[in-house]
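Below is one structure, written out as structure tokens, with a few remarks after it.
The values are calculated or read from the model by the stated rules, or taken from the named source; none is laboratory data. No experiment lies behind these values; they were computed from the predicted model shown. When we count neighbours, we look across all protein chains shown, and the Cβ atoms used for this are built from the backbone with ideal geometry, even at glycine. The area values use the complete protein model at the heavy-atom level, side chains included, leaving out ligands, DNA and RNA. Shrake-Rupley method; radii C 1.70, N 1.55, O 1.52, S 1.80 Å.
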Amino acid sequence: MQILWPILVTQVLLYSMNMIDTMMSGRASVDDLAGVAIGSSFWAPVSTGINGILLAVTAIVANLMGADEKEKVHDTVMQAMYIALAIAAFVLISGFFFLDDLLGIMELEPAVHHIAYHYLVGLSTGIMPLFLFSVLRNFIDAQGLTRISLYIITLSLPLNVFFNYSLIFGNFGFPELGGIGAGYATAITYWLIFLIAVFMTFKVEVLAAFKLFRKVTGPSLDVMRYHLKIGVPIGILLFVETSIFSLMTLLIGIMFTTDIIAANQIVLNFTTMLFMLPLSISMAMTIVIGFSVGGGRYEDAGRYKMMGLITSLALISVTSILLFIFREQIAYFYTADPAVVAIAVPLFVFAIIYQVSDALQALFQGILRGYKDVTIPSFIAVFSYWFVGLTAGYLLAAYTSLEVYGFWIGISLGLTCAAAGFFIRLRSIEKRNMFINGENAQ
């Protein structure tokens with residue numbers, strides 16, 4: 001719990017930045033809400049996939065700490081920073097050449113296209129510090145110092161609200177940019193959290209001992225190759241998971257009206273906030289499982305798994321009940337348009353269906369990362385999310401009377417398939433480790 005609760009609060013606060021973007025943009029206009037929805041749908045899978053690659057730092061450092069090999073941590077983190085900078089440059093160059101054309105494929109209304117494009121341009125100014133912060137956060141969390149990440153995000157969130165309020169609505173002498181302002185506000189916040197994290201590496205004695213910014217080492221292809229061997233499958237897994245929601249939003253943008261795009265974004269935005277609960281447990285599992293496995297304590301790893309399972313199911317049960325009761329009130333937090341709310345309310349009911357499967361697949365992902373087992377799960381993810389979830393969702397939406405609701409049913413099927421696949425893989429890993437442990441004991 002000492003490791004989990006700061007991760008949980010941190011994830012909720014970190015995602016609150018996106019939630020605030022959406023809520024405030026919705027108060028500007030339906031076009032602003034739809035534009036930010038489309039922009040977020042492009043950015044979410046990219047950022048999540050890349051942060052997944054950088055999440056390898058957590059698994060590697062936790063294993064090194066558990067095996068008492070602290071001297072290797074510095075190089076691991078430094079090489080991850082080089083990877084983060086290289087990826088940031090690639091994303092910026094790709095966006096410069098291809099973003100406008102990709103948005104053009106959707107044939108959006110001109111106002112929505114304009115807002116989505118310039119929202120992403122604003123957001124892009126904070127890409128580099130975001131990825132560097134992810135490396136530092138993973139390094140800090142892997143040592144069990146999860147409260148530091150909590151302090152950083154807690155300090156930055158009020159500033160994010162301030163810049164959103166100023167840049168979206170034109171307050172305090174700032175220009176009135178509407179949904180576009182949300183992109184710049186979030187980028188400013190990314191810079192702030194990175195700078196605070198750097199400060200913490202000097203200020204906190206335990207972190208300062210690793211001399212991250214005082215002892216600089218050059219790029220090492222061997223270390224980076226090892227990091228990518230673990231990180232890329234994690235990134236692929238998280239990318240395909242996030243992309244089903246983003247592709248769903250993009251397909252809805254092509255197939256349905258602006259009101260339906262806005263309603264879908266409301267439901268997706270809020271339920272993603274609820275997903276921060278099982279996601280946080282998943283991240284905590286990576287740390288405690290990784291530390292246990294690194295020290296050869298497989299029985300402890302089994303106990304942590306059961307704790308995570310019980311906690312995930314308990315939390316998601318409570319939040320699903322509350323979501324069902326207050327779904328209409330939640331919709332009105334995002335928009336005052338009754339037509340959009342009327343679409344969003346029944347969508348919430350369909351979204352509740354997939355919560356349990358989503359919680360379980362996230363939990364098993366985190367445990368498998370702790371074992372550094374990432375390649376097979378990435379194949380399971382591609383099959384479950386894209387070939388089962390997205391395909392079924394599209395067919396139900398396009399060829400039945402379910403329309404937009406069909407996408408949510410398809411996603412539920414995909415997440416259930418993923419949870420089952422991850423569980424089977426985890427049982428295989430556990431049995432293999434129990435056999436090896438038994439052989440060693442003999």
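Keeping all protein chains in place, calculate the accessible area per residue for the chain (probe 1.4 angstrom), answer in Å². Before the final figure, lay out each step's value.
Details: 18270 Å² over 442 residues.
Accessible area per residue: 41 Å².
Using a 1.4 angstrom probe on the protein heavy atoms only, could you order Thr416, Thr286 from most to least accessible area?
Values: Thr416 70, Thr286 5 Å².
Accessible-area ranking of Thr416, Thr286, largest first: Thr416, Thr286.
Could you tell me whether region 278-353 comes out rounded, prolate or oblate from its Cα gyration tensor? Rule is a ≥ b ≥ c as square roots of the eigenvalues, rounded for a/c under 1.5, then prolate if a/b exceeds b/c, otherwise oblate. If you can, show how the numbers build up before the last one.
Working: a/c = 5.03, a/b = 3.37, b/c = 1.49.
The shape class here is prolate.
Can you run phi through the Karplus equation (6.51, -1.76, 1.60; θ = phi - 60°) for region 18-24 and list ³J(HN,Hα) in whole Hz, with x for Gly and Pro?
5, 5, 5, 3, 5, 4, 5
With r as the distance between the Cβ atoms of Ala209 and Asn433 and R0 = 41 Å, compute the FRET efficiency 1/(1 + (r/R0)^6) and round to 0.05. Kindly include the intermediate steps, with their values, before the conclusion.
On the way: r = 31 Å, r/R0 = 0.77.
That pair, Asn433 with Ala209, gives E of 0.85.
With Cα extents along the principal axes in Å in mind, check (i) 77, 45, 43; (ii) 66, 52, 39; (iii) 68, 48, 38 and report the label derived from this structure.
(iii)
Quick check: the angle from helix 338-353's long axis to the longest principal axis of the chain, C-alpha only, nearest 10 degrees?
Compared with the principal axis, the helix lies near 30 degrees.
At 7 Å along Cα-to-Cβ for each site, give me the label-to-label distance between Thr257 and Glu299 in nm.
Taking the simple label geometry, Thr257 and Glu299 are separated by 6.4 nm.
Would you give the gap between the C-alpha center of region 187-230 and the C-alpha center of region 243-312, rounded to a whole Å?
One Cα centre to the other: 25 Å.
How do Tyr82, Tyr334 stack up against each other in accessible area, from largest to smallest, with a 1.4 angstrom probe? Working shown, then result.
Numbers: Tyr82 65, Tyr334 0 Å².
Ranked from most to least accessible, the order is Tyr82, Tyr334.
Roughly how many debye, to the nearest 20, is the charge dipole of the chain about its Cα centre, given +1 on each Lys and Arg Cβ, -1 on each Asp and Glu Cβ, and no other charges?
Working: 21 positive and 26 negative charges, 298 e Å.
Once rounded to the nearest 20, the dipole reads 1420 debye.
With labels modelled as points extended 7 Å from the Cα through the Cβ direction, what inter-label distance (nm, one decimal) is found for Ser220 paired with Ala89?
If labels sit at Ser220 and Ala89, their model points lie 2.1 nm apart.
Hey, in the GNM for the chain with a 10 angstrom Cα cutoff, which one of Glu430, Glu205, Glu241 fluctuates hardest?
Glu205
With unit charges on the beta carbons (Lys and Arg positive, Asp and Glu negative) and the dipole taken about the Cα centre of the chain, which residue among Asn18, Thr217, Ala336 sits farthest to the positive side?
Checked the options; the winner is Thr217.
Roughly how many whole Å is it from the C-alpha centroid of region 137-175 to that of region 345-398?
Answer, in whole Å: 29.
What is the distance, in nm, between label points placed 7 Å from the Cα along the Cα-to-Cβ direction at Glu69 and at Trp5?
It is 3.4 nm.
If Rh is defined by the Kirkwood formula over all Cα pairs and Rg also comes from Cα, what ratio Rg/Rh do you get for region 8-109?
On the way: Rg = 18.3 Å, Rh = 16.5 Å.
Ratio of gyration radius to Kirkwood radius: 1.11.
Quick one: what are the phi-derived ³J(HN,Hα) couplings along region 231-241, Karplus 6.51/-1.76/1.60 with θ = phi - 60°, whole Hz, x for glycine and proline?
Karplus values, whole Hz, x for Gly and Pro: x, 4, x, 4, x, 4, 4, 5, 5, 5, 5.
Once ligands and nucleic acids are excluded and a 1.4 Å probe is used, how much of Trp5 is accessible, expressed in Å² to the nearest 10?
Trp5 exposes around 110 Å² with every protein chain in place.
Could you work out which residue, out of Ile148, Ile127, Ile429, moves most in a Gaussian network model of the chain, that is, has the largest mean-square fluctuation with Cα springs under 10 Å?
Looking only at Ile148, Ile127, Ile429, the biggest GNM fluctuation is shown by Ile429.
How much net charge surrounds Ala111 when only the other residues with a Cβ under 10 Å from the Cβ of Ala111 are counted, with Lys and Arg +1 and Asp and Glu -1? Kindly include the intermediate steps, with their values, before the conclusion.
Numbers: positive: none; negative: Asp31, Asp32, Glu109.
It works out to a net charge of -3.
To the nearest 10 degrees, how steep is helix 179-203 against the longest Cα principal axis of the chain, on a 0 to 90 scale?
20 degrees
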